[in-house]
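Structure, as C-alpha cells:
Just so it is clear, none of the values below were taken in a lab; they were calculated from the coordinates. Note that this is a predicted model, so its numbers are computed, not measured. Positions of Cβ are generated from backbone atoms using ideal geometry, with glycine treated the same way; all protein chains shown enter the neighbour counts.
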Amino acid sequence: MGQFGEFKMTHELPPLTYDYNALEPHIDEQTMKLHHDIHHNGYVKGLNNAESKLAEARKSGDYGLVKHWEREAAFHGAGHFLHCIFWENMGPNCGGTPTGNLSDAINSKFGSFENFSKHFKAAGGAVEGSGWVMLCWNTEAKSLEILTAEKHQNLTQWVSVPLLVCDVWEHAYYLNYQNKRAAYIEAFFNVINWENVSKRFEAAC
Ligand code: MN3
C-alpha cells in the first residue's frame, strides 16, 4: 500500500453458507455463482477502493475528488452490505411464513401476511431499472415499512434497518426468468429464511 500502508482493506466477500445449487429450482446455480462471486465481489472491491481513496485524501488534505469517492462508497458500500443480508435472508428448505413477534408485527402493520406479500411483490415489480425491495424496521417511527432502492443507495428512509431484502437487478434473475421479474420475486418467497428475518427484527426493534 506504499505510503498509505496503515490502511487496512477491511471488507471481504463473505462465503455463502449453502451450496450454489441449494436454492434450485427457484434460483439456479449459475445465477448464484455469478451473482455472489463476480457481482458481489465487485462491490467489495469498489468499497475498499473508495475507502482507500478517502483515506488518502485525509492524509494529503486534497479533497478535490471527495464527491466522486463518497458517491462510490455509497454505491459499492450499499451494494456490499445489501448482498450480505440478501444471502442470509435465503436458504434451502425455507419459504413459508414468519412466526412469533415478526408475524405479529406484520399482521399489525399490513393486516395479514397475504397483504404484506402482495405489497412487497408489487413494490419489487415497480422498481425502475436496477434496485431492491425491502422490508425494513424504521427505528424512529418504531414501525415496519416496505421500501425500495434504485441501484443500491438511492431512495430510502435513512433511519431504516433492512430485515428482508430482494435484489431485483436483472443479474439476479435474467438467466432463469429472462424478463419475468414478477415470476422471480414469486420464487424468492420459496427461499426466504424467515428465521433470519426474525433474528434481524428482534435485534433492530
Ligand atoms: Mn445483486
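Values for this structure:
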| item | result |
| --- | --- |
| Chain lengthening between residue 52 and residue 204 when straightened (0.36 nm per residue, less Cα-Cα) | 51.7 nm |
| Dipole of segment 9-73, positive end: most advanced residue of 38, 69, 14 [Cβ charges, Cα centre] | 69 |
| Convex hull per residue volume in Å³, alpha carbons only, for the chain | 131 |
| Alpha carbon centroid spacing (whole Å) that separates segment 53-84 from segment 149-191 | 24 |
| Fluctuation leader among 71, 181, 58 - the chain, Gaussian network, Cα springs under 10 angstrom | 58 |
| Nearest 10 degrees, 0 to 90: helix 194-204 Cα axis against the chain principal axis | 60 |
| Paramagnetic reach from residue 19 (point 7 Å along Cα→Cβ, amide N under 18 Å) across segment 186-205 | 191 |
| 0 to 90° range, to nearest 10: angle between helix 41-60 axis and the chain longest Cα axis | 40 |
| Net dipole in debye of segment 74-205 [+1 Lys, Arg Cβ; -1 Asp, Glu Cβ; about Cα centre; nearest 20] | 100 |
| Point-charge dipole on Cβ atoms (K/R +1, D/E -1) for segment 1-120, about Cα centre, debye to 20 | 460 |
| The chain, helix-only ellipticity at 222 nm - DSSP H runs n ≥ 4, -39,500 (n - 2.57), divided by all residues, nearest 500 | -14500 deg cm²/dmol |
| DSSP-loop GluC sites (Glu not before Pro) across segment 92-199, with at most 14 other Cβ within 10 angstrom | 128, 140 |
| Residue 108 paired with residue 71, simple spin-label distance in nm, labels 7 Å along Cα-to-beta-carbon | 4.2 |
| Exceeding the 22 Å Cα-Cα cut-off - candidates 33/180; 45/121; 109/199 | 45/121 |
| Vicinal HN-Hα couplings computed from phi for segment 109-124 (Karplus, 6.51 cos²θ - 1.76 cosθ + 1.60; Hz; Gly/Pro x) | 7, 9, x, 6, 5, 4, 5, 4, 5, 4, 5, 4, 5, 5, 5, x |
| Mean Cα-pair separation over length for the chain, i.e. relative contact order, pairs under 8 Å, 6 or more apart, % | 24 |
| Tilt relative to the chain, helix 66-89 - C-alpha long axis, 0 to 90 degrees, to 10 | 40 |
